[in-house]
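The values are calculated or read from the model by the stated rules, or taken from the named source; none is laboratory data. Predicted model only: the values in this text are computed from it and were never measured. Using ideal geometry, Cβ is built from the backbone for each residue, glycine included, and neighbour counts are taken over all protein chains shown.
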Amino acid sequence: MAIMITDECINCGACEPECPNTAIYEGGIEWTWAGGTTLKEVTLPDGTVVDATEKQEPVSDEFYYIVTDKCTECTGFHEEPQCAAVCPVDCCVDDPDHRETEEALLAKKVYMHGE
């Protein structure tokens, strides 16, 4: 399952540098698939192929957010999600709408980093 940041976020930014996938962004900031990954292009679920450096719309304009499709819960990097480990207000929590097996999270890591 991916991690999400709740609206209790105080925008401290402690989580952002901890993410090995660069899946965490400040509210209002556009994101890219390429950021923190080796991806050159990405095929979206609808079959559309996008340049991985193409800027994507922010998920939130108000507080830090996690791009679900880039989150691996730090699987393959750390024992636990690092964002949750450093969050001073415990707002980095499991996202009940995006559950994934450990195998799926490892596959996502390999897809994004080629390792």
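Couple of notes before you dig in:
Rundown of residues vs (1) surrounded by 11 or more Cβ atoms within 10 Å (Cβ to Cβ); (2) aliphatic (A, V, I, L, M); (3) within 14 Å of the chain's Cα centre (by Cα); (4) not in a helix (DSSP H, G or I), yes/no style:
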{"residue": "D46", "(1), (2), (3), (4)": "no, no, no, yes"}
{"residue": "E54", "(1), (2), (3), (4)": "yes, no, no, yes"}
{"residue": "D97", "(1), (2), (3), (4)": "no, no, no, yes"}
{"residue": "K109", "(1), (2), (3), (4)": "yes, no, yes, no"}
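- Residue match in segment 4-23 (condition: of a type outside the set (S, T, N, Q), at pLDDT below 95 and surrounded by 11 or more Cβ atoms within 10 Å (Cβ to Cβ)): no
- If the condition is being touching a residue at least 40 places away in the same chain (Cβ under 8 Å), of a type outside the set (V, I, T) and assigned to a loop (DSSP other than H, G, I, E, B), then segment 61-89 contributes E62, F63, Y64, C71, E73, C74, F77, H78, P81, C87, P88.
- Test: Y65 is out of contact with any Cys (no Cβ under 7 Å at 6 or more places or on another chain), within 13 Å of A2 (Cα to Cα) and modelled with pLDDT of 95 or more: yes
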